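First the structure, in the form of structure tokens, and then the observations on it.
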Amino acid sequence: MIKKLLAQLGPYKKYLFYCVFLMTGDVICVMMMPMLMSRIVDVGIANKDLGYIWKVGLEMAGIACLAIGFGSANSWFSAKASQGFAANLRTSLFDKILSFSFSNIDQFSAPSLVTRLTSDVTQLQNTLLMCLRMLLRAPLMLIAAIFFAVSINARLSMIMLVAIPALVLGIWFVLRSAERLFTAMQTKIDGLNGTVQENLIAVRVVKAYVREPFEKLKFKKSNDELTTAAINAGNLISMMMPLMMFVMNATMIAAIWFGGKMVVYDGMGTGALMSFLSYLTEILMSVMMFSFIFVMFARAEACAKRVTEVLDAKVDITDKAGLAAAGASAGGAASAVPHVTRGSIEFRGASFRYPTATKGQNVLSDINLKIEPGEFIAIVGGTGSGKTSLVSLVPRLYDASSGSVLVDGVDVRDYRIADLRAGIGMVLQKNVLFSGSIEDNLRWGDKNASYEKVRAAATQAQADDFVMSFPDKYATELGQGGVNVSGGQKQRLCIARAMLKDPRILILDDSTSAVDTATETKIRGAFSRELKNTTILMIAQRISSVRDADRIVVLDNGRIAGVGTHDELLKDNAIYREICFSQQEGLSA
């Protein structure tokens, strides 16, 4: 895990070596100070030699300036390395998340991924920063201080044989439960992020139903759970400081007691005792540094596991081995990498279950259906009948659990994902727009489209009129998710985006539910004129939306219950007839 994370340093690895060199220089300078102070006391003051005191004092000042230089440079390089590490790690995580299939995202949940990408990475960044400052300093300081303390008085140094083990044992006792508590705390951050994210996205619904008091209670619950988890972790860590201060003060008292006796009875110099106490302080401070680092490690370990869990996650929908290389090779055989050119679709015994579902619970079962290029196929059925799941198999948003799905006679798993989806336009059931201008959003369909082409697509989707009514027209900035346009306007912009792509296959998942019947009729007319060679799969709830389709597929509990024209199904299919009656279509419709 550590090796995987350190690989994210990339070009910043060289700064680690700079930090080691600079910290070594800093420690050497700091270690020299007590020895020089000892000389001032035992030689300069004892002999009342003011010149000697000035000389050694100037040496101390010069060494102090040098230590400041080493320390400042180390801080700069360590900050540079930790910030670069965090930037690279965030990039790797974001790239991995973008490669995830829908089932991968379902596995982690969006709020948890946000926490891992932000809070967890920040914690790892801070840990690396402290390592480059404290973890390098602590062992060097500990070794050097022990050496000088023993060289001053080996007998007095025996105090450390009691103090250091006692301090280490106490720290180990406190920290053995820390990783578990920090893991629980990060999980509660996931829950809080989920509550906040849900409320920000659905704030209009919350206000419309006057649910603010309920949502406040829900937020309070998540917030209180996080607070409790943080307090539990904090209480554990708060035990460390009193323990360390007790051991440190007891050790200093013992050193002064026994050292004072040595000054009086054994001829030990006062300056030597002062130096010894300084080195003893550095030794204990080094051990305390280790304890703080271990605290950070305990939390960082929890964060690192969550981050590497994402990095190590197996993406279940990927290109077959060799396809990416074949597609990227200049002058390679084009026939080796299929592209969507005609738009035919075939389901051969396709069944599907969501990865999180209990074994045996299929959403789709034994789907057999052949669709010719340019056909307009409508899909109807009750809620939960598998309509969205069916069309999601075509662009490989999910893979069939068994059986196969073919596009232009080629199994969709034999396409490069980018090539397959390049030939398919999709307007999802939940319409999504991004922050930016309307024009930029429409150019998702074709990033090189001219303004005229963008506007033509919007006109065909019946969006041009309302866009031109805005003061900034196509330069109008949309809020995140398109919150500043209505549901019907959002649907029309998403349809325009898909039409601008000029796809061989167009999938419309209940994408005209928020527009009036007259506007929907105009949009279907644009499909007939502008996309007459495009295969269209339309999921719809309104019979008026599908009655003119070439064929209508009726789904019931994940199985095909009928295929035919409106008139054929109205005559022969009880489920379709029931849908019609429920919408007051009647047999005469």
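The values are calculated or read from the model by the stated rules, or taken from the named source; none is laboratory data. Treat the numbers as computed from the prediction; the structure is a model and nothing was measured. Reconstructed Cβ throughout: ideal geometry from the backbone, glycine too, with neighbour counts over all protein chains shown.
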Condition test on K571, is it surrounded by fewer than 19 Cβ atoms within 10 Å (Cβ to Cβ) and at pLDDT 85 or above?
-> yes
Please find, among L555, L531, the residue that is assigned by TED's automatic domain parsing to the domain that holds T512, of a type outside the set (K, R) and modelled with pLDDT under 85.
-> L531
Could you tell me which numbered condition R416 fails, if it satisfies all but one of (1) under 27 Å from the mean Cα position of the chain (by Cα); (2) over 30 Å from P355 (Cβ atoms)?
-> (2)
Which residue pairs have Cβ atoms closer than 8 Å, lie 6 or more positions apart in sequence or on different chains, and pair a first residue in segment 510-531 that is touching a residue at least 40 places away in the same chain (Cβ under 8 Å) with a second residue that is of a type in the set (K, R) and buried (at least 21 other Cβ atoms within 10 Å of the Cβ)?
-> V515/R492; T519/R492; I523/R492
Given the structure, is F70 of a type in the set (F, W, Y) and crowded, with 17+ Cβ neighbours inside 10 Å?
-> yes
One residue from L428, L393 being farther than 12 Å from L555 by Cα and either at pLDDT 90 or above or among the charged types (D, E, K, R) (or both) | L393
Which of the residues belonging to segment 534-547 are assigned to a loop (DSSP other than H, G, I, E, B) and modelled with pLDDT under 85?
-> A540, Q541, R542, R547
Of all residues in segment 1-44, how many are of a type in the set (F, W, Y) and in contact (Cβ under 8 Å) with a residue 40 or more places away in the chain?
-> 3
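Looking for whichever is within 30 Å of T227 (Cβ to Cβ), surrounded by 18 or more Cβ atoms within 10 Å (Cβ to Cβ) and not hydroxyl-bearing (S, T, Y) here; the options are M185, M141. Which one fits?
After applying the criteria, what remains is M185.
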Given the structure, is P373 modelled with pLDDT of 90 or more and assigned to a loop (DSSP other than H, G, I, E, B)?
-> yes
Does segment 545-559 include one or more residues that are crowded, with 18+ Cβ neighbours inside 10 Å, touching a residue at least 40 places away in the same chain (Cβ under 8 Å) and among the polar types (S, T, N, Q)?
-> yes
Would you mind telling me which numbered condition in (1) within 23 Å of N153 (Cα to Cα); (2) of a type outside the set (D, E, K, R); (3) without any contact (Cβ under 8 Å) to a residue 40 or more places away in the chain A255 fails?
-> (3)
Residue check for L217: surrounded by fewer than 13 Cβ atoms within 10 Å (Cβ to Cβ) and either outside the structural domain of M289 (by TED's automatic domain parsing) or at pLDDT 80 or above (or both) = yes
Within the set of pairs 6 or more residues apart or between chains, which connect a residue that is assigned to a helix (DSSP H, G or I) inside segment 97-108 to a residue that is surrounded by fewer than 15 Cβ atoms within 10 Å (Cβ to Cβ) with Cβ atoms less than 7 Å apart?
-> S99/V315; S103/D316; S103/P355; N104/V315; N104/D316; D106/T356
Would you be able to say whether some residue in segment 303-323 is at pLDDT below 80, of a type in the set (G, A, S), part of a helix (DSSP H, G or I) and not assigned by TED's automatic domain parsing to the domain that holds Y398?
-> no
Scanning segment 394-405 for residues that are more than 26 Å from the chain's Cα centre (by Cα) and buried (at least 19 other Cβ atoms within 10 Å of the Cβ), which turns out farthest from K501 (Cα to Cα)?
-> A400
Any chance segment 90-111 includes a residue that's at pLDDT below 85, on the phi > 0 side of the Ramachandran plot and among the hydroxyl-bearing types (S, T, Y)?
-> yes
